[in-house]
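Q: Mind having a look at this structure? Questions to follow.
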Amino acid sequence: MAKFPAEFLWGAAIAANQAEGAWDVAGKGLSQDDVVPYGGDARGKALQTIRSRAQIDALLADQNLVFPKRSGIDFYHTYGEDLALLSEGGCNAIRTSIAWTRLFPTGMEAEPNPEGVEYYRNLFGRMRELGIEPVVTISHYEMPLTLITEHGGWANREVLEAFLRFAYLVLDEYRDQVKYWLVFNQISSALMDPFLALGLLTEDLDQPEAAIYQAIHHQLVANAAVVRYGRQLDSSLHMGSMVLDQTAYPRTSRPEDVLAALQYNQQALFFSDVMVRGAYPSTILADLARRGIEIEWAPGDRETLAEGTIDYLAFSYYMSIVVGEGMSLLDANTWSMGEEFNNPYLKATEWGWQIDPVGLRYALNVYTDRYPGLPLLIAENGLGYRDQLVGETVEDDYRIEFHRDHLRAISDAMADGCSVIGYLPWSGIDIVSASTSEMSKRYGFIYVDLDDFGQGSGRRWPKKSFGWYRDVIRSQGENL
Ligand code: BG6
């Protein structure tokens with residue numbers, strides 16, 4: 001096993017909306033995550049995405065619901081100890097996000113909330129003290145709720161403008177502390193969860209598909225504008241963005257299935273194509289025209305896209321899928337992939353996410369071929385598992401095996417010629433699940449004693465994987 005490079009970013013990734021809690025502290029506004037309840041015991045099927053204003057009103061009126069992301073793991077208050085523990089575990093980089101609602105509670109304020117600004121200054125300062133490189137996502141599935149309910153989410157150009165006020169301020173404030181930036185989390189997941197990613201209430205819309213693509217266009221323009229702004233501000237900043245990778249293999253070698261998988265991947269890769277190359281690929285323009293979807297371009301959008309191309313591409317990788325004739329990315333708008341996506345050669349987690357380390361090597365090669373020379377960051381990779389705390393630890397050999405196999409795949413991809421700058425497993429420490437709002441879908445190397453209803457001591461316990469990961473980092477991957 002070749003050693004990983006000395007400057008490799010070894011770390012962990014979390015997000016404000018799933019970790020911080022403190023939903024109503026220090027002037028924070030309500031975000032869409034604060035109205036998503038825990039779905040009870042319908043494991044994996046408890047997809048709590050929201051599709052209408054009426055649904056939000058009903059959720060807010062229901063006194064019996066639990067909203068796990070409101071309390072998260074209380075990282076807002078415990079970040080000092082949590083970061084120290086992650087640092088002890090060897091992490092030299094940690095990815096987290098900034099909650100828009102801490103800085104601009106409704107998104108429309110002219111001036112930011114000073115307490116929110118200070119909180120992140122302290123957080124990044126603590127990382128620096130510990131020798132941890134912050135990798136910061138500006139938008140991770142979190143926006144002021146009123147921008148959704150009163151302004152129509154990302155389909156409305158005003159929301160793009162509000163976001164730029166927030167993002168430019170963030171770059172101005174923290175550029176001395178943060179060098180690695182990701183504008184959007186998993187920008188390509190917009191098709192799977194328009195509420196979480198785009199702030200769209202699809203049942204209230206006449207033409208949801210058109211609104212989804214308009215909103216995506218606004219995010220792509222915002223992405224480029226922020227990258228351009230950061231680059232002009234300080235040329236030492238690494239301005240990147242992120243996609244969700246779900247490599248699609250053809251279900252069979254039947255030419256129709258092979259073509260369907262190619263087209264599925266084209267729909268998914270369109271996001272990185274725009275962010276890396278600065279223009280829409282012709283295949284997507286043709287696909288949109290076929291569907292009768294017309295995107296409204298504002299003057300200057302084309303120039304912005306061309307001028308704001310990213311310095312590095314980050315992606316999350318959890319699974320691969322299979323696709324056959326008649327299947328389109330637009331039909332797969334769910335986090336729990338149905339059986340038609342199953343690969344008979346792979347095992348899956350309890351939530352149906354198929355485990356495929358070879359797929360990670362494959363994905364790295366695809367990006368390298370498509371975007372030669374572009375540095376790649378694995379911004380998320382991990383195993384959701386119903387861990388059991390026994391005594392003072394969790395014997396999570398299954399997680400060790402998962403990360404070991406994926407790290408070996410990365411090493412193989414680097415030997416293939418791919419340029420990988422870091423590995424940030426999801427989630428270092430257990431946090432609330434994005435898709436199901438469960439606490440029991442755990443990913444961390446550190447166990448957090450809280451259940452799906454936010455009950456428990458909140459105590460942190462390093463799992464067996466914690467020591468294993470620390471040793472991997474210490475040996476720069478040589479002991480894999
Ligand atoms: C990605 C997201 O989808 O995967 C994270 O960027 C999320 O926010 C992670 O938590 C794992 O998904 P889940 O739904 O199992 O938490």
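The values are calculated or read from the model by the stated rules, or taken from the named source; none is laboratory data. As the structure is a computational prediction, the values presented were derived from the model and not from experiment. Here the Cβ is made from the backbone with ideal geometry for all residues, glycine too, and neighbour counts use every protein chain on show. Please note that ligands, DNA and RNA were not included when accessible areas were found on the heavy atoms of the full protein model with its side chains. Shrake-Rupley method; radii C 1.70, N 1.55, O 1.52, S 1.80 Å.
Q: Would you mind checking which residues have amide H under 5 Å from Q354's amide H? H placed 1.01 Å from N; only 5 or more apart, or other chain.
A: S320, T349
Q: Residues with amide H under 5 Å of Y141's amide H, sequence separation 5 or more or different chain, H placed in the peptide plane at 1.01 Å from N; which?
A: Answer set, sorted by chain and number: N185.
Q: Something else now. What accessible surface, in Å², does a 1.4 Å probe find on Y367, ignoring ligands, DNA and RNA and rounding to the nearest 10?
A: 10 Å²
Q: Additional query: When only the heavy atoms of the protein chains count and the probe is 1.4 Å, how do R442, R51, R459 rank by accessible area, highest first?
A: R459, R51, R442
Q: Would you kindly derive the ³J(HN,Hα) couplings of segment 139-148 from the backbone phi angles with the Karplus curve 6.51 cos²θ - 1.76 cosθ + 1.60 (θ = phi - 60°), listing them in order in whole Hz, with x for Gly and Pro?
A: Values per residue, Gly and Pro as x: 10, 10, 6, 8, 7, x, 4, 5, 5, 7 Hz.
Q: Still on this structure, I have one more. From the phi angles alone, apply the Karplus equation (6.51, -1.76, 1.60; θ = phi - 60°) to segment 371-377 and give each ³J(HN,Hα) in whole Hz, x where the residue is Gly or Pro.
A: Values, residue by residue: 10, x, x, 6, x, 10, 10 Hz.
Q: Let me ask something else. With every protein chain left in place and a probe of 1.4 Å, what is the accessible surface of T304, to the nearest 10 Å²?
A: Estimated to the nearest 10 Å², T304 gives 20 Å².
Q: So, one more: Give the shape of segment 58-173 as rounded, prolate or oblate, defined through the alpha-carbon gyration tensor: a ≥ b ≥ c are the square roots of its eigenvalues, a/c under 1.5 means rounded, and otherwise the shape is prolate if a/b is larger than b/c and oblate if not.
A: oblate
Q: Calculate log10 I(q)/I(0) of segment 265-386 for q = 0.17, 0.19 Å⁻¹, where I(q) comes from the Debye formula with a single equal point scatterer on each Cα and nothing for solvent.
A: Relative scattering, expressed as log10 I(q)/I(0), comes to -1.06, -1.22.
Q: A further question follows. Just how much of L169 is accessible, in Å², when a 1.4 Å probe is used and the result is rounded to the nearest 10?
A: Here the residue's solvent-accessible area equals roughly 40 Å².
Q: A follow-up question, please. Cα convex hull of segment 319-397: mean projected area in nm², to one decimal?
A: 7.6 nm²
Q: If R₀ is 56 angstrom, what is the calculated FRET efficiency for the pair E401 and E150, using the beta carbon separation as r and rounding to 0.05?
A: Calculated transfer efficiency: 0.70.
Q: Further question: In Å³ and rounded to a whole number, note down the convex hull volume per residue for the Cα atoms of segment 326-480.
A: Expressed per residue, the convex hull around the Cα atoms of segment 326-480 is 136 Å³.
Q: Now, a different point. Applying a 10 Å radius around every beta-carbon, put 286-295, 420-429, 157-166, 392-401 in order of their mean neighbour count, most first.
A: The densest-packed peptide leads the list: 420-429, 157-166, 392-401, 286-295.
Q: Work out how much length A289 to R302 would gain on full extension: take 0.36 nm times their residue separation and subtract the Cα-Cα distance, in nm to one decimal.
A: Gain on extension, A289 to R302, equals 2.9 nm.
Q: Taking all protein chains together and a probe of 1.4 Å, list R404, R70 from the most accessible to the least accessible.
A: R404, R70
Q: Follow-up question, since we're still on this one. Find the accessible area per residue for the chain; the probe is 1.4 Å, ligands and nucleic acids are left out, and the unit is Å².
A: 37 Å²
Q: Round to the nearest 0.05 the FRET efficiency obtained for Q177 and Q476 when R0 = 30 Å and r is the Cβ-Cβ distance.
A: Efficiency computed from Cβ-Cβ geometry: 0.70.
Q: OK, next. Computing the accessible area with a 1.4 Å probe over protein heavy atoms, can you report the carbon and sulfur percentage for segment 382-480?
A: Reported share for carbon and sulfur atoms: 46 percent.
Q: Still on this structure, I have one more. Could you sort K463, K3 by accessible area so the largest value comes first, with the probe set to 1.4 Å?
A: Final ranking, largest accessible area leading: K3, K463.
Q: What's the Kirkwood radius of segment 93-242 in Å, using all Cα pairs?
A: Final number for the Kirkwood radius of segment 93-242 is 15.6 Å.
Q: Among L329, T349, S316, pick out the residue whose Cα is farthest towards the positive end of the charge dipole of segment 289-366, where Lys and Arg carry +1 and Asp and Glu carry -1 on C-beta, about the Cα centre.
A: Going by the Cα projections, it comes out as T349.
Q: Here is a follow-up. Compute the projected area of the convex hull of the Cα atoms of the chain, averaged over all viewing directions, and report it in nm² to one decimal place.
A: That works out to 20.9 nm², a quarter of the Cα hull's surface.
Q: Whole-Hz Karplus ³J(HN,Hα) for segment 260-277, in order, using 6.51 cos²θ - 1.76 cosθ + 1.60 and θ = phi - 60°, x for Gly and Pro?
A: 4, 5, 4, 5, 4, 5, 4, 5, 7, 6, 4, 5, 5, 4, 5, 6, 8, 9
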